[in-house]
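Accompanying notes for the structure given below.
The values are calculated or read from the model by the stated rules, or taken from the named source; none is laboratory data. Not measured: the values here are computed from a predicted model. For neighbour counting, all protein chains shown are included, and Cβ atoms are generated from backbone atoms with ideal geometry for every residue, glycine included.
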């Protein structure tokens, strides 16, 4: 496996060398403008300018929001390129066919003007665009290989574990067989000896399974166990009446919190906008989805529009709401307010909703029973710092040894939640 | 013994049936203890039940529909949520009036719209939290356009970059509210006051105070005085 991989590397190396050779010849032939110098300082300075101003829309060798930049000065004169960077609108307005075509190709997306860039900045930038960060395919292959090695390295311990378990089971079986042999040998030996009646009976007694089954002790133990299990399941079952813990309904769109909140680290509040200002956290309307999904139409590396994302587009086009299924159905007899807990109390979303950032399908994590609420109200200290509302309450509570908790300011009163 | 066993088996079977009925999981909501106290009689904005037969087994409704039916037939799509009446103006104690500039009037906004929120340490702290919640996803925690979702979208502005560093505060407020280029409009997600706090944070902390507006509270177009309750 390893030797094969290194062979590929060698072949690619030759390939790259050839490509690099032609690239060098090519750039020397075209970028003859003396102001775009291939010096390390110019390239380094240009990289800073590029990262600050261009990186968001351009890559050197790849199409991104805007076109790939390498070779820009081969395609057009250095003067024109500089002019375009400084004020793209003016160049397009002047009727330059090449740039007008580019503008159209990239959906009439105008590049912001960069009048503040000095001529030195521009020269350095163009130097970086021409000569900076040349991608070496062989290096890319090498890093990919290294990643693979790490991945296989991670799997070894679990294989060891199964091996150890198998060996242990084999050893135990061997011991069992040896013990059986010892018993049979001992019985044979004792039967040859002169024994009195009781000893003889003891040695030659047979193991009767049925007798044990019919014994009183066994029946009592089994009955007790069965009764206990039935009672436990019945009580558990009764306690789960009216508790929707674990409810994880299928949603109209297979939206993954693991991807959005987990991998992409989008804050909960970005979509659940009501969580700090109102009773409900709110379900985002389709226009919030469209902030990103105007541009993102499928998972990375997949072509076309994903059927799930298509459902957002259908909802927006037809002005028809997406009918999400409500997961947390707090009974109407209890009042709960998100902003009081999240904004005032400073409680993390995950405290009640569990590891949402790992859930593909969201389910109800907590029981949402009254006992669960009260338990938290008994234990939770109030974040009084910097909140003048609590000043007098803190003062009144200052005689007590314990910290000011929710229960101390009426967190256990019926009418706090039931009215 | 046989009788005990039979009883035990029966007990097991019964509990099995009970458990199957009441425990929630997957698409099953489980059994409700007092359904008539669980379901709202009034229209619930985030609980819409369009099936007229749901809960008909215990219904005492005069219109003959199921107990759980909760939809407003007078709204589009039978929604319980209602959009505000056209041409009405929402008022609150901060007195913010609707933002009237159109999406393309970004230059007008930069010249005329001023930040009504006074710059204090608390405002900057709030602004930072708001920036992390609403902006860092794309613009990155330091505003350098390197947020995780921003990398997927592409073309996210580097707020510390030269093209953005000198922009007037009204411009930033306008872009948050109405969107620009590849950025969507965030006016529906963030309250006007919070948007101004974000503007303060971006100007002071991310762009190091460059191009920040001189505090001219008197000139503010928006009144910060408390509006008397109706």
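Quick check on this structure: which one of A:103, A:98 is modelled with pLDDT of 80 or more and surrounded by fewer than 16 Cβ atoms within 10 Å (Cβ to Cβ)?
Values: A:103 fails: surrounded by fewer than 16 Cβ atoms within 10 Å (Cβ to Cβ).
Testing whether each residue is modelled with pLDDT of 80 or more and surrounded by fewer than 16 Cβ atoms within 10 Å (Cβ to Cβ) leaves just A:98.
Which residues, taken from region B:151-162, are assigned to a helix (DSSP H, G or I) and more than 8 Å from chain A (Cβ to nearest Cβ)?
Within region B:151-162, just B:151 meets the criteria.
For region A:337-364, enumerate the residues that are part of a loop (DSSP other than H, G, I, E, B) and within 12 Å of another protein chain (Cβ to nearest Cβ).
Residues of region A:337-364 part of a loop (DSSP other than H, G, I, E, B): A:337, A:345-348, A:354-355, A:359-364.
Scanning region A:337-364 gives A:346, A:361, A:363, A:364.
Please go through region A:351-392 and pick out each residue that is loosely packed, with under 14 Cβ neighbours inside 10 Å, in contact with a helix residue (DSSP H, G or I) (Cβ under 7 Å, 6 or more places away or on another chain) and under 30 Å from residue A:253 (Cβ atoms).
Within region A:351-392, A:358, A:360 meet the criteria.
Within region A:211-220, is there a residue that is facing chain B (nearest Cβ under 8 Å) and either in contact with a strand residue (DSSP E or B) (Cβ under 6 Å, 6 or more places away or on another chain) or without any contact (Cβ under 8 Å) to a residue 24 or more places away in the chain (or both)?
Scanning region A:211-220 turns up at least one residue that is facing chain B (nearest Cβ under 8 Å) and either in contact with a strand residue (DSSP E or B) (Cβ under 6 Å, 6 or more places away or on another chain) or without any contact (Cβ under 8 Å) to a residue 24 or more places away in the chain (or both).
Can you tell me which residues in region B:129-151 are touching a residue at least 24 places away in the same chain (Cβ under 8 Å) and surrounded by fewer than 20 Cβ atoms within 10 Å (Cβ to Cβ)?
B:142
What's the number of the condition residue A:234 fails, among (1) in a helix (DSSP H, G or I); (2) out of contact with any helix residue (DSSP H, G or I) (no Cβ under 8 Å at 6 or more places or on another chain); (3) at the interface with chain B (Cβ under 10 Å from one of its Cβ atoms)?
If we test residue A:234 against (1) in a helix (DSSP H, G or I); (2) out of contact with any helix residue (DSSP H, G or I) (no Cβ under 8 Å at 6 or more places or on another chain); (3) at the interface with chain B (Cβ under 10 Å from one of its Cβ atoms), just (2) comes out false.
Would you check if there is a residue in region A:253-269 being within 10 Å of another protein chain (Cβ to nearest Cβ), modelled with pLDDT under 90 and over 30 Å from residue B:36 (Cβ atoms)?
no
Looking at region B:167-183, is at least one residue part of a loop (DSSP other than H, G, I, E, B) and in contact (Cβ under 8 Å) with a residue 60 or more places away in the chain?
Within region B:167-183 (the criterion being part of a loop (DSSP other than H, G, I, E, B) and in contact (Cβ under 8 Å) with a residue 60 or more places away in the chain), the answer is yes, since at least one residue qualifies.
Hey, any hits in region B:98-105 for a residue that's within 14 Å of chain A (Cβ to nearest Cβ), under 24 Å from the mean Cα position of the chain (by Cα) and in a helix (DSSP H, G or I)?
No: region B:98-105 contains no residue that is within 14 Å of chain A (Cβ to nearest Cβ), under 24 Å from the mean Cα position of the chain (by Cα) and in a helix (DSSP H, G or I).
Report the residue count in region B:106-128 for those that are outside any loop (DSSP other than H, G, I, E, B) and out of contact with any strand residue (DSSP E or B) (no Cβ under 8 Å at 6 or more places or on another chain).
Filtering region B:106-128 for residues outside any loop (DSSP other than H, G, I, E, B) gives B:106-112, B:121-128.
Going one step further and asking which of them are out of contact with any strand residue (DSSP E or B) (no Cβ under 8 Å at 6 or more places or on another chain), we end up with B:107-112, B:121-128.
The number of residues fulfilling the criteria is 14.
How many of the residues in region A:268-317 are under 24 Å from residue B:80 (Cα atoms), part of a loop (DSSP other than H, G, I, E, B) and touching a residue at least 12 places away in the same chain (Cβ under 8 Å)?
13
Give me a count of the residues in region B:85-123 that are over 14 Å from residue B:213 (Cα atoms) and buried (at least 16 other Cβ atoms within 10 Å of the Cβ).
Number of matching residues: 6.
Tally the residues that are at pLDDT 90 or above and within 11 Å of chain A (Cβ to nearest Cβ), restricting the search to region B:168-187.
6
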